[in-house]
Amino acid sequence: MKSLVGVEVLQQLGIDYVRDASTLGALSEGALRYLFNNGELISLDKDDVLFRLGDCADSFHVVLQGSVRLVKPRHDGSSAHIRDYTFGHEIGFVAMIGLHGRVGDVLANEPSYLLRVSCGLFDALHNEMPNDFGILLLNLSREMSRRLRDADNRLADAGVDDWSVAH
């Protein structure tokens with residue numbers, strides 16, 4: 001894992017490209033510059049670890065290029081590949097906002113760039129740019145909603161009639 005210079009990454013990718021990321025969509029140019037100037041830009045090589053099960057969830061990440069995978073442990077000691085996160089997706093917001101540790105390991109599938117938004121930066125955006133913060137929160141909420149719907153669909157497709165009993 002390597003740290004990058006945010007303003008250089010933003011210049012390289014371009015504002016329009018970054019705005020196409022679902023998590024960052026509809027944010028003002030000023031807010032995007034603020035996030036890239038104050039956030040941490042991370043470069044991962046294939047199989048680099050972004051975070052591990054139990055790590056402190058003091059941030060979330062937005063995939064700018066490449067993809068990462070979430071792997072969660074099972075009760076029998078094996079692991080399950082839960083999902084891949086690709087361009088525009090965020091990873092880690094649920095744990096951050098839920099105030100619990102990371103629920104699995106996240107590893108790069110390929111060379112990838114991610115923007116790390118810490119709790120402090122999230123709060124600072126709220127204070128400095130409340131309208132953009134509201135848009136970001138709406139984008140994050142939409143992504144959580146889509147994941148919940150996907151999880152429900154997977155349970156239904158797996159033939160689970162009563163999740164509380166199967167659990």
* Check: the stretch 62-167 dipole with +1 on Lys, Arg Cβ and -1 on Asp, Glu Cβ, in debye -> 140
* Structure fact -> In terms of the charge dipole of the chain, which places +1 on Lys and Arg and -1 on Asp and Glu at the beta carbon, the residue among Val9, Pro73, His100 farthest towards the positive end is Pro73
* Structure fact -> A 1.4 Å probe over the protein heavy atoms gives the stretch 7-150 a carbon and sulfur accessible-area percentage of 50
* List the residues whose amide H sits under 5 Å from the amide H of Ala57, counting only those 5 or more places along or on another chain, with H placed 1.01 Å from N in the peptide plane. => Arg102
* Asked: Measuring from a point 7 Å past the Cα of Ser67 along Cα-to-C-beta, which residues in the stretch 90-127 have an amide N at less than 19 Å?
  -> 90-92, 105-115
* Asked: What is the P(r) of the chain, as percent of Cα-Cα pairs per 10 Å bin from 0?
  -> 10, 37, 35, 13, 4, 0
* To do: Collect residues whose amide H, placed 1.01 Å from N in the peptide plane, falls under 5 Å from the amide H of Glu40; neighbours closer than 5 in sequence don't count.
  => Arg116, Ser118
* Residues with amide H under 5 Å from that of Ser28, placed H, sequence gap 5 or more -> none
* Probe 1.4 Å, accessible area per residue of the chain, Å² -> 54
* Asked: Which whole-number percentage describes the relative contact order of the stretch 1-101, with Cα contacts under 8 Å and a sequence gap of 6 or more?
  -> 29
* Structure fact -> The helix 130-157 Cα axis meets the longest alpha-carbon principal axis of the chain at an angle in degrees, between 0 and 90 and rounded to 10, of 20
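The values are calculated or read from the model by the stated rules, or taken from the named source; none is laboratory data. No experiment lies behind these values; they were computed from the predicted model shown. When we count neighbours, we look across all protein chains shown, and the Cβ atoms used for this are built from the backbone with ideal geometry, even at glycine. Remember, those area values only see protein heavy atoms, side chains included, never the ligands or the DNA or RNA. Shrake-Rupley method; radii C 1.70, N 1.55, O 1.52, S 1.80 Å.
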